[in-house]
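Colleague: If you scroll down you'll find the structure; I have some questions about it.
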Amino acid sequence: MYKDLICGLTPLVCHAGSCLRGYFYGLQEQTVPAISQVVEQVIRIGAIYILASFFIPKGLEYACSLAVIGISVGEIIAFFYVLYSYGGFKKKNAFNKLPSLKPYAAYGVIFAMAIPLTANRVTGSFLGTVENILIPQKLQAFGLSPSEAMAAFGRLTGMVMPLLMFPSSLLIAIATALVPAVSEAKAIKNEARIKYTVSKSMLFTSIIGIGASALFVTFAHEFGVVVYNQVDIGGTLFLMGFVCPFLYYQVTLSGVLNGLGEQMFIFRNSLLSSVICIVFIYFLIPVYGLNGFIAGWLVSLVVVSFLDIERVIRRTHIKINFNRWIFKPVLSAIACSLVMKLVAKKFIYAFFGDAWGLAVAASLLTVLYSFFILAMGVVSFKDIRAVFGSVFSKKG
């Protein structure tokens with residue numbers, strides 16, 4: 001009974017909590033949403049840890065129930081924290097200015113954004129389901145057994161993808177903060193601020209994306225063995241590593257385009273990306289196996305990234321500095337990759353072993369890459385302060 005009550009409340013508090021967090025994001029106040037998400041994760045893990053000894057011995061059904069209860073309790077407590085913060089924030093920050101839009105006009109603006117976003121989410125879920133159904137089927141057409149096809153698909157989605165997305169955590173935070181920052185600058189017609197914020201964000205996206213690509217390409221086999229104890233992961237991770245720059249561009253560009261009010265454009269590009277992937281899945285996986293999907297995913301990301309960049313350039317009039325954004329980071333990444341591959345193989349693994357050796361080698365590659373980036377003038381400490389000041393600060 002209590003389990004059903006808690007789980008039944010979860011969708012309500014989840015949506016309400018998202019709305020309240022959106023309120024703080026819109027005001028460029030990042031602290032409350034960040035704390036609420038940390039609270040949610042801590043409560044979720046704590047609840048599962050405390051209740052595990054009671055639920056898990058009773059069987060799989062109870063273990064699954066434990067996971068659901070942990071998620072639900074975390075969501076509910078995080079919601080009450082955000083609700084409490086919302087009340088205190090409104091009392092502390094009284095907004096004396098009257099709204100610039102009448103209610104019906106405001107509703108029109110909201111629905112103009114909400115409808116394409118909702119359509120994008122619904123069609124994205126549908127087409128994603130189509131992809132998830134087709135991939136194992138076409139892998140069987142390639143010659144794999146049903147169990148081998150599901151295992152290959154599981155390695156891709158459950159092992160490789162989380163590794164690829166982990167370095168993008170900072171970019172996801174930037175993209176979230178970019179939406180209100182760009183929207184505010186657009187509303188007050190501050191074109192200079194838009195250009196500056198977008199340019200610096202794109203610069204850092206290039207640096208992080210190319211650096212992550214170097215990391216995964218250089219240590220693809222080691223990540224597969226150390227993290228998952230799976231030798232087969234290395235080859236897939238190596239190929240997917242080249243996707244990182246375009247994958248990360250999509251994170252930042254989505255924030256910029258949403259801030260510019262380009263929700264319908266994002267929707268069309270999302271459809272195009274899914275169609276490209278499905279075509280490659282249907283025709284190439286039976287011939288080339290999982291590499292056919294990787295090729296299709298790369299093509300879709302490249303096409304959509306160029307379309308997004310072209311629209312951002314047209315709307316913001318930014319200028320792409322190929323030397324700083326692409327050439328120098330790629331040169332730095334190649335140099336670091338070659339050096340660390342040799343050093344790790346000759347010295348680091350022999351001294352530290354596989355697990356600690358990978359941690360040390362990856363850390364040294366990151367430090368060396370950062371040094372090259374600073375030494376070659378790709379980015380300065382002033383640029384770092386500018387990004388964190390303009391994107392994460394309310395004042396900008």
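Colleague: Suppose the filter is assigned to a helix (DSSP H, G or I), of a type outside the set (Lys, Arg) and under 30 Å from PHE283 (Cβ atoms); does MET150 pass it? Quick ask: steps written out before the conclusion?
Modeller: On the way: assigned to a helix (DSSP H, G or I): yes; of a type outside the set (Lys, Arg): yes; under 30 Å from PHE283 (Cβ atoms): yes.
So MET150 fits the description; yes.
Colleague: If the requirement is being open to solvent by 50 Å² or more (accessible area, probe 1.4 Å) and in a loop (DSSP other than H, G, I, E, B), which of these qualifies: ILE320, ILE326? It would help to see each step written out before you state the result.
Modeller: Values: ILE326 fails: in a loop (DSSP other than H, G, I, E, B).
Going through ILE320, ILE326 in turn, the sole match is ILE320.
Colleague: Then there is this: I'd like to verify a number: residues in segment 134-187 that are of a type in the set (Phe, Trp, Tyr) and open to solvent by less than 50 Å² (accessible area, probe 1.4 Å), how many?
Modeller: Within segment 134-187, the first condition is being of a type in the set (Phe, Trp, Tyr), and the residues that meet it are 142, 153, 166.
Subsequent filtering for residues that are open to solvent by less than 50 Å² (accessible area, probe 1.4 Å) retains 153.
Going through segment 134-187 one residue at a time, the tally reaches 1.
Colleague: Name the single residue that is least open to solvent (accessible area, probe 1.4 Å) among those in segment 188-231 being in a loop (DSSP other than H, G, I, E, B) and under 21 Å from MET159 (Cβ atoms).
Modeller: PHE219
Colleague: Just to verify a result, which residue in segment 96-130, among those that are open to solvent by 100 Å² or more (accessible area, probe 1.4 Å), of a type outside the set (Ser, Thr, Tyr) and in a helix (DSSP H, G or I), is modelled with the highest pLDDT? So that I can check it myself, show each step before the final result.
Modeller: Going residue by residue through segment 96-130, those that are open to solvent by 100 Å² or more (accessible area, probe 1.4 Å) are 96-100, 102, 104, 107, 111, 115, 121, 126.
Applying the additional criterion that residues be of a type outside the set (Ser, Thr, Tyr) yields 96-99, 102, 111, 115, 121, 126.
After this cut, where a residue has to be in a helix (DSSP H, G or I) as well, the list is 111, 115, 121, 126.
Values: PHE111: 76, ILE115: 82, ARG121: 81, PHE126: 90.
Per the stated criteria, the residue is PHE126.
Colleague: Scan segment 286-297 residue by residue and report those that are part of a helix (DSSP H, G or I) and either on the phi > 0 side of the Ramachandran plot or of a type in the set (Phe, Trp, Tyr) (or both).
Modeller: TYR288, PHE293, TRP297
Colleague: Follow-up. Of everything in segment 244-285, what is outside any helix (DSSP H, G or I) and open to solvent by 30 Å² or more (accessible area, probe 1.4 Å)? Give them in sequence order. Break it down stepwise before answering.
Modeller: Filtering segment 244-285 for residues outside any helix (DSSP H, G or I) gives 260-262.
Hit for segment 244-285 is GLY261, nothing else.
The values are calculated or read from the model by the stated rules, or taken from the named source; none is laboratory data. From a predicted model like this one, the values you see are computed outputs, not experimental measurements. Neighbour counts run over all protein chains shown; Cβ positions are idealised from the backbone, glycine included. These area figures cover heavy atoms from the full protein model, side chains too; ligands, DNA and RNA do not enter into them. Shrake-Rupley method; radii C 1.70, N 1.55, O 1.52, S 1.80 Å.
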